[in-house]
Amino acid sequence: MDSPRPLSADKLYRAFDPTTLPFETTADLADGQEIIGQQRAVDAIRFGIGIRHQGYNLFALGPNGTGRQTTVNRFLNQRALNEAVPDDWCYVYNFDQPYRPRALQLPPGRAVALRDDMKQLVEELTSVLSGVFAGEEYQLQKHTLEEELRGLQMEALEKLREEAKTHDIALIQTPGGFAFAPLKEDGEIIGPDEFMQLDAEAQKQIETQVTELQEALQRIMEQMPKLQREMQTRLRELNERVVGFSITPLLDELRQKYADLDTVRAHLDAVQADIVQNFEAFLQDEETAGRQLLGAALGIASAERRVSPSRYEVNVAIDNSQTTGAPVVVLDQPRYAELVGRVEHVAQMGALVTDFTLIKPGALHKANGGYLVIEALKLLTEPFAWEGLKRALRKQEIVIESLGQVYSMISTVSLEPEPIPLEVKVVLIGERQLYYLLSSADPEFNELFKVSADFEDEMGRGPDSALAYARVIAEVARDEKLRPFDRRAVARVVEHGSRLVEDAAKLSTHMQSVTDLLREADYWAGEAGRAVVGYDDVQRALDMQTYRAGRIQEQMQEAILRDRVLIDTDGATVGQVNGLSVYQIGSHSFGRPSRITARIRMGGGEVIDIERQVEMAGPIHSKGVMILAGFLGQRFAVERPLSLSATLVFEQSYGGVEGDSASSAELYALLSAIADTPVRQSLAVTGSVNQRGQIQTIGGVNEKIEGFFDVCRARGLTGRQGVLIPAANVDNLMLRRDVVEAAAAGLFHIYPVTTVDEGIALLTGLPAGEPDEDGHYSPDTVNGRIVARLKKLAETQRDFNNPPRAESGGNSTAPEDEDDGDAPATE
């Protein structure tokens, strides 16, 4: 088997040729809004916003920074411009059910006009009605009615007085009311003393006549309330005629203005009828109004019915008079009340009061007829907001309810505004994990959000995609007033795009990282006094990003160089391999070598992972260790049991270990320990392994190589140092310039490995060995040594378990059947 050759420098970093770019600087590129690498998501967005059926709302999923919000907003705004402006909505007083304000739908701009017209109407009514009721004509008619009432009263009393006079009895009026008194012949009233001097028959006759007259007076008095009610009715009819005659021209003018809106005309009819019934609201003086307000606040019933002219106002919930096209609403804080609307209250003299003018719209009202964009995570973290949105989408209407009403937490009377029909396209933006969680855990989610726009993390790298990168750079530079970038700077950004996705054949679509790099490169170009951003400015921005986040990385490097963390980079040791790990600190990731050791002893074939035993290993790492046992059993224990026990450990590991990228290094350490063959410490290893001994791809290959390179360079490059990586990871290499230069000079090597045998041969300097026709390995190979060692361990264990029988003399008195050959051997 041929040993792998080190990779050439051109395999370690795929440079981009700037001469293929058809411009000198990005200032030469035309304006354009480029959305790169997201064709699948773009097609899904077009479909989602184009289809007009219930449930076809959109969920834009993907990592943060891939342009989800920007792309969605761009397409929504483009489409919304060509769509019709939705209608206005307003709330008005419901004269039949005051606690259920009515919702009126009007063409765009008409709601504000109606509000202003009704406000002007109230002002005009106050003036007109005050003038009418204070006018001579009304006062004359009112006076006539009052005089008629008084005339009827006086006429009845005068008739009674004349009748009494025929009987020589006078009808007199006292402070206590009316009374009868007998008269003398000269017309004077008979006093009490004189009355008592009359004979009994005369007294009796007078008393009889007075009793009859009192009964007649009683009948007249009983007719008085009826006359007063009749007069009140006639006065009310007079008032209604006067009010109707006075306000009809004003309301007819509004009816004519809104003749095309039946709902508005119906409301105006109700307004007119209510004004006629409650015209006193326009006639109250300030003292009366204040007294009624105080009584209402204190819960004291007023003798007068309190009616405020504000009931005739219009509460404009949605005004689209200034809107162009369909609305696009981005809700930043999707609280329940901000989403579906709310009814506010005001404090008046210690009491909370509300009316229809305090109804406030939510984002669903504002986006009705258009589009609503919400961040999914924020929506789900706001109490009850997710359920409120689903309820509105399912019922296709907006119901303004307080949470206390929805969940029956309070039973006080409150407003219940009339629901508004809902026609909106909702776009949620979130991570993939959140989308899959909702899809599996919420049965209503898939019914309401049937379209998913999945944003890519990466795209192919080529001349077209590089030019698309350049257009994005030009657009960002133009929008944010950055300096133009020359071709070499653009090429460096393209190369960094490949590094971000760890693939030389791909580019990152995480445009947030790219635009951050552009801003920082522009800063460093300014510091250097350059008018155009060049290659060195981009490289310095990258170097400074690493430097700013590199404190922990430098401390770990220092710990290795000062031998606080033991890592060998020279010599050879049995059962010891340099593994490689990746650390993620915020947005910064870096590699670091870790010492992996293996020890063996006689046993029953167990491979003990010490990290797993102390619960410091994750499930993937534990799985990788179990695969090692499977490999050993398949290769070396088909015909005989493994007569050993092995322990594996990450030395000086004080945190959790997860992942299987070190499983090949663990296997090399284990094979070295079994074969008793030293491993070169100048090499580090990364890669996972399967039960067939094939080396599999891993992540973070660039950081791992650079982490070991930094240690080797600090101690001095010898030309013997390097890293074994899976051959499948060669296309992922986008190494730092200093690593590439060292490899080109032959001071550092990167070996692509496809099998365990290739790796163990590089690490030990011995051939791995292949079985002959009989399945035997040559003794001067690693596999041959392993087979010999395992055979020796098996024989030793067998001898230990089956020691020789003790020989008995002829005169022994011990019974022969007690010697069963199982007694332990002694020294």
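The values are calculated or read from the model by the stated rules, or taken from the named source; none is laboratory data. Everything numeric here is computed off the predicted structure, so don't read it as measured data. Glycine also receives a Cβ, built like all others from the backbone with ideal geometry; neighbour counts cover every protein chain displayed. SASA here: full protein model, heavy atoms, side chains in, ligands and nucleic acids out. Shrake-Rupley method; radii C 1.70, N 1.55, O 1.52, S 1.80 Å.
Observations on the structure shown:
- Of all residues in the range 304-323, those that are of a type in the set (Val, Ile, Thr), farther than 13 Å from ALA367 by Cα and either at pLDDT 90 or above or within 29 Å of the chain's Cα centre (by Cα) (or both) total 2.
- Criterion applied to GLY575, GLY586 was being modelled with pLDDT under 95, under 30 Å from SER672 (Cα atoms) and not polar (S, T, N, Q), and the one residue passing it is GLY575.
- Qualifying residue in the range 499-512 (condition: out of contact with any strand residue (DSSP E or B) (no Cβ under 9 Å at 6 or more places or on another chain) and farther than 20 Å from ARG737 by Cα): yes
- Restricting attention to the range 236-264, the residues that are outside any helix (DSSP H, G or I) and open to solvent by 30 Å² or more (accessible area, probe 1.4 Å) add up to 2.
- Among the residues making up the range 778-792, those that are closer than 25 Å to MET602 by Cβ, in contact with a helix residue (DSSP H, G or I) (Cβ under 9 Å, 6 or more places away or on another chain) and surrounded by fewer than 21 Cβ atoms within 10 Å (Cβ to Cβ) are PRO779, GLY784, ALA788, ARG789.
- Summed over the range 696-728, residues that are in contact (Cβ under 8 Å) with a residue 40 or more places away in the chain, open to solvent by less than 30 Å² (accessible area, probe 1.4 Å) and out of contact with any Cys (no Cβ under 7 Å at 6 or more places or on another chain) total 16.
- Cross-chain or 6+ apart pairs with Cβ under 9 Å, the range 443-455 first and within 23 Å of THR70 (Cβ to Cβ) and open to solvent by 10 Å² or more (accessible area, probe 1.4 Å), then polar (S, T, N, Q) and in a helix (DSSP H, G or I): SER452/SER439
- Where ALA27 falls short, out of the listed (1) of a type in the set (Gly, Ala, Ser); (2) closer than 30 Å to VAL329 by Cβ; (3) open to solvent by 10 Å² or more (accessible area, probe 1.4 Å): (2)
- For first residues located in the range 587-603 and closer than 19 Å to ALA684 by Cα, partners that are charged (D, E, K, R) and assigned to a strand (DSSP E or B) and lie 6+ apart or on another chain with Cβ distances below 6 Å do not occur.
- Residues of the range 538-568 that are in contact with a helix residue (DSSP H, G or I) (Cβ under 7 Å, 6 or more places away or on another chain) and closer than 13 Å to ARG592 by Cα: GLN557, ILE560, LEU561, VAL565, ILE567.
- Residues satisfying the stated conditions in the range 30-48, i.e. of a type in the set (A, V, I, L, M) and surrounded by 22 or more Cβ atoms within 10 Å (Cβ to Cβ): ALA41, ILE45
- Residue among ALA281, ALA301 that is open to solvent by 30 Å² or more (accessible area, probe 1.4 Å) and either at pLDDT below 95 or in contact with a strand residue (DSSP E or B) (Cβ under 9 Å, 6 or more places away or on another chain) (or both): ALA301
- Residue within the range 124-141 that is assigned to a loop (DSSP other than H, G, I, E, B), open to solvent by less than 30 Å² (accessible area, probe 1.4 Å), without any contact (Cβ under 8 Å) to a residue 40 or more places away in the chain and not hydrophobic (A, V, I, L, M, F, W, C) present: yes
- The range 458-471 residues that are free of Cβ contacts under 8 Å to residues at least 12 places away in the same chain, paired with ones that are assigned to a loop (DSSP other than H, G, I, E, B) (beta carbon under 9 Å, 6 or more apart): GLY462/ALA505
- Qualifying residue in the range 18-35 (condition: in contact (Cβ under 8 Å) with a residue 60 or more places away in the chain and assigned to a strand (DSSP E or B)): yes
- Residue in the range 75-83 that is open to solvent by less than 40 Å² (accessible area, probe 1.4 Å) and free of Cβ contacts under 8 Å to residues at least 40 places away in the same chain present: yes
- Matching residues, the range 793-827, being more than 21 Å from PRO641 (Cα to Cα) and either open to solvent by less than 70 Å² (accessible area, probe 1.4 Å) or at pLDDT 80 or above (or both): GLY809, SER812, ALA814, PRO815, ASP819, GLY821, ALA823
- Among residues of the range 695-712, those that are assigned to a helix (DSSP H, G or I) and not acidic (Asp, Glu), counted: 9
- Residue in the range 520-542 that is in contact with a strand residue (DSSP E or B) (Cβ under 8 Å, 6 or more places away or on another chain), farther than 27 Å from THR70 by Cβ and among the hydrophobic types (A, V, I, L, M, F, W, C) present: no
- In summary, GLY534 fulfils each of the numbered conditions (1) over 24 Å from LEU717 (Cα atoms); (2) open to solvent by 30 Å² or more (accessible area, probe 1.4 Å) with the single exception of condition (2).
- Residue within the range 498-518 that is over 28 Å from LYS11 (Cβ atoms), open to solvent by less than 50 Å² (accessible area, probe 1.4 Å) and among the β-branched types (Val, Ile, Thr) present: yes
- Residues in the range 729-768 that are open to solvent by 20 Å² or more (accessible area, probe 1.4 Å), without any contact (Cβ under 8 Å) to a residue 40 or more places away in the chain and part of a loop (DSSP other than H, G, I, E, B) were compared, and the one that is nearest to PRO6 (Cα to Cα) is GLY746.
- Failed condition for GLN576, given (1) touching a residue at least 60 places away in the same chain (Cβ under 8 Å); (2) surrounded by fewer than 16 Cβ atoms within 10 Å (Cβ to Cβ): (2)
- Selection of the range 579-607 for residues being over 18 Å from GLY655 (Cα atoms) and open to solvent by less than 50 Å² (accessible area, probe 1.4 Å) yields HIS588, ALA598, ILE600, GLY603, GLY605, VAL607.
- Residues (open to solvent by 60 Å² or more (accessible area, probe 1.4 Å) and assigned to a helix (DSSP H, G or I)) located in the range 475-489: ARG478, ASP479, ARG487, ARG488
- The set of residues in the range 94-117 being crowded, with 22+ Cβ neighbours inside 10 Å and either modelled with pLDDT under 90 or assigned to a loop (DSSP other than H, G, I, E, B) (or both) consists of PRO101 alone.
- Residue in the range 713-728 that is farthest from SER587 (Cα to Cα), counting only those that are out of contact with any Leu (no Cβ under 9 Å at 6 or more places or on another chain) and in a helix (DSSP H, G or I): ALA727
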